[in-house]
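Step one of this worksheet: look at the structure below.
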Number of protein chains: 2
Amino acid sequence: MNWDATRPGETETSLPDTTNAGVYFIGRIRTPYPTRNECPRQGMSDGPICRVEVDERWRPALKGLENYRRVELLYWMHQARRDLLTQSPHGNKGARGTFALRSPVRPNPIATSLVDLVGVEPGALLVRSLDCVDGTPLLDIKPDRCSYSPPASSEG
Amino acid sequence: MNWDATRPGETETSLPDTTNAGVYFIGRIRTPYPTRNECPRQGMSDGPICRVEVDERWRPALKGLENYRRVELLYWMHQARRDLLTQSPHGNKGARGTFALRSPVRPNPIATSLVDLVGVEPGALLVRSLDCVDGTPLLDIKPDRCSYSPPASSEG
């Protein structure tokens, strides 16, 4: 499949000349999917265990994450183009707006995924239900909002 | 409150010299909270209606979003520092790792928020349950994963 071809009904835009802020890649995600062709269309909760590697600099920030069973991962879909306003997924009739899709193709190719945390190693998490390509850059890890309460304030 | 002071028990790191990718601000979020001091600790589903303004360039990408009642917003918490590995929220005893918190302070200050879509105007969405400061830069809009199915493929 040619992932980068523009299909009938799709609309491109020219991207702005400059970006407005920069992100750090804080690690990478190891999955059984070497290319986009092997990736499932959606991660399944009974899918294979994937390994989320966190760079050494950021590892102290994992403290306490082992207390959560579900975590939210943010990652950078580095192979996706960013300039489509409407898309016709997989040859479907009728294009939809990029913001009405969860396609990797979007102005800021940031994915959010809720995963089951099945293990914590020094510098890595073992999780289920990812659908991204092997080597995908990691942006963030957060406790799942459903199981998270902000710590109580001692300052009112 | 001094939001940028380092509290007892918190750990700083030096940030990398360069970022790895750039994001575009695609609009901004208008809320009733002019500064961080007025922001609620968590957005509530019965909170005030907020206005998500989308820049003209990206407006065609909203097509079809009106069919969803819940959307996920990604935004850039532009006032947050990025260099804390552990944090002691609001004077709590015992620091936790940044990735075990949903604090705005994180290497990539990207928030994810699920909101009720209560209206669509040309170039703007009206939503409930945001807790961010007025003027926060918008990064992305996606249909809520719970109500979203990837479009069927005609290519198998």
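Some points to look at:
- Any hit, the range B:19-34, residues being in contact (Cβ under 8 Å) with a residue 40 or more places away in the chain, of a type in the set (Lys, Arg) and farther than 29 Å from residue A:26 by Cβ: yes
- Complete set of residues in the range B:103-118 that are touching a Ser or Thr at 6+ places or on another chain (Cβ under 6 Å) and not β-branched (Val, Ile, Thr): B:106
- Evaluation of residue B:48 against the conditions (1) under 15 Å from residue B:128 (Cβ atoms); (2) modelled with pLDDT under 95; (3) crowded, with 16+ Cβ neighbours inside 10 Å; (4) touching a Pro at 6+ places or on another chain (Cβ under 8 Å) shows that the sole unmet condition is (3).
- Residue within the range B:128-136 that is basic (Lys, Arg), at pLDDT below 95 and either in a strand (DSSP E or B) or touching a strand residue (DSSP E or B) at 6+ places or on another chain (Cβ under 8 Å) (or both) present: yes
- Scanning the range B:15-41 for residues that are surrounded by fewer than 19 Cβ atoms within 10 Å (Cβ to Cβ), in contact with a Phe, Trp or Tyr (Cβ under 9 Å, 6 or more places away or on another chain), at pLDDT below 95 and assigned to a loop (DSSP other than H, G, I, E, B) yields one hit, B:40.
- Selection within the range A:22-45 - out of contact with any Pro (no Cβ under 6 Å at 6 or more places or on another chain) and of a type in the set (Val, Ile, Thr): A:23, A:29, A:31, A:35
Here's the yes/no breakdown for (1) surrounded by 16 or more Cβ atoms within 10 Å (Cβ to Cβ); (2) closer than 22 Å to residue A:112 by Cβ; (3) in contact with a Phe, Trp or Tyr (Cβ under 6 Å, 6 or more places away or on another chain):
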site: B:63; (1), (2), (3): yes, yes, no
site: B:69; (1), (2), (3): no, yes, no
site: B:73; (1), (2), (3): yes, yes, no
site: B:86; (1), (2), (3): yes, no, no
site: B:94; (1), (2), (3): no, no, no
site: B:104; (1), (2), (3): yes, yes, no
site: B:111; (1), (2), (3): yes, yes, yes
site: B:123; (1), (2), (3): no, no, no
site: B:127; (1), (2), (3): yes, yes, no
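The rows are residues; the columns are (1) hydroxyl-bearing (Ser, Thr, Tyr); (2) over 16 Å from the mean Cα position of the chain (by Cα).
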{"site": "A:9", "(1), (2)": "no, yes"}
{"site": "A:18", "(1), (2)": "yes, yes"}
{"site": "A:26", "(1), (2)": "no, no"}
{"site": "A:41", "(1), (2)": "no, no"}
{"site": "A:81", "(1), (2)": "no, no"}
{"site": "A:87", "(1), (2)": "no, yes"}
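- If you go through the range B:1-14 and keep only what is exposed (fewer than 13 other Cβ atoms within 10 Å of the Cβ) and either touching a residue at least 24 places away in the same chain (Cβ under 8 Å) or not in a loop (DSSP other than H, G, I, E, B) (or both), you end up with B:1, B:3, B:4, B:8, B:12, B:14.
The values are calculated or read from the model by the stated rules, or taken from the named source; none is laboratory data. Only a predicted model underlies this, so the values are computations on that prediction, with no experimental measurement involved. When we count neighbours, we look across all protein chains shown, and the Cβ atoms used for this are built from the backbone with ideal geometry, even at glycine.
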